[in-house]
């Protein structure tokens, strides 16, 4: 059976890299570099260091796992990903890089399953969700699970979409947004205004919350990169359909001030 989250992103990367996020395009000009830049930004916002024990919720094909281990030199990584194909690819990638299961214990599973979190050998000091939380069945449930299983004063860090402050939910534009969210396998309840997002974090036991809008360095850049790849014939027919639609949607949502893309970090309280 086909998966919505599969290995399609491999076509966007240069050889040997398998990133799968929207990228941070402040200085990057190629997709792989922009994706790495977004992961670096998240790791820095989280405050990763050699003592960190990381739970990665939705680790893609493994490139970000290697970044946590090699660049930030974290002590240990574990996590879960819903995609069977991506998880298998990530396990093989970690093995080729010389990281045994003791250093990076990952599995294919639903992030909403409490047993996935309970199976960990250590309480994580950090929970990360790089460009994937909007796809979770229920993001507030994810916040609660992260808060429950994080070590005391542990950090949650993610990149995520929010509704722009000026966007009104009863508008015709919002009806178009709802249609696009459904097509993209994104629960409408996950896309909320900043004040609601902040309150959700607070109500699930987080404080010291930082939300930074990085939309201008993410959404237009991704759209432009897809246009360039399509123009240069780098995408298959299915890739052109999938990514061209995504790129045009993000360009529209940014230009019309409908969505904003942010990096968020918060500390477990009490």
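Each label point was placed 7 Å from the Cα along the Cα-to-Cβ direction; for residue 29 and residue 84 their separation is 4.2 nm. The modelled label-to-label distance between residue 255 and residue 208, using points 7 Å beyond Cα along the C-beta direction, is 4.2 nm. Where a ≥ b ≥ c are the square roots of the eigenvalues of the C-alpha gyration tensor, would you call the range 101-241 rounded, which needs a/c under 1.5, or, failing that, prolate if a/b is larger than b/c, or oblate? Note, shape of the range 101-241 comes out oblate. Each helix, a run of at least 4 DSSP H residues, gives -39500 (n - 2.57); summed and divided by the residues of the chain, these come to -12500 deg cm²/dmol at 222 nm. Once each part is reduced to its C-alpha centroid, what is the distance from the range 53-101 to the range 103-142 in angstrom? Comparing the Cα centres of the range 53-101 and the range 103-142, I get a distance of 13 Å.
Normalising the average separation of contacting C-alpha pairs (under 8 angstrom, six or more residues apart) by the number of residues puts the relative contact order of the chain at 20 percent. Classify the range 53-122 as rounded, prolate or oblate, taking a ≥ b ≥ c as the square roots of the eigenvalues of its Cα gyration tensor: rounded when a/c is under 1.5, otherwise prolate if a/b is larger than b/c and oblate if not. Oblate shape, in that a/c is at least 1.5 and b/c is the bigger or equal ratio.
Of all DSSP-defined beta bridges confined to the chain, some 45% are antiparallel rather than parallel. The residues 117, 179, when put in order of fewest to most other Cβ atoms within 10 Å, stand as 179, 117.
Decide, for the range 30-181, between rounded, prolate and oblate: order the square roots of the alpha carbon gyration tensor eigenvalues as a ≥ b ≥ c, take rounded if a/c falls under 1.5, and otherwise choose prolate if a/b is larger than b/c, else oblate. Here the range 30-181 falls in the prolate category.
Bear in mind that the values in this text are calculations on the coordinates, not laboratory data. Computed from a predicted structure; not experimentally measured. When we count neighbours, we look across all protein chains shown, and the Cβ atoms used for this are built from the backbone with ideal geometry, even at glycine.
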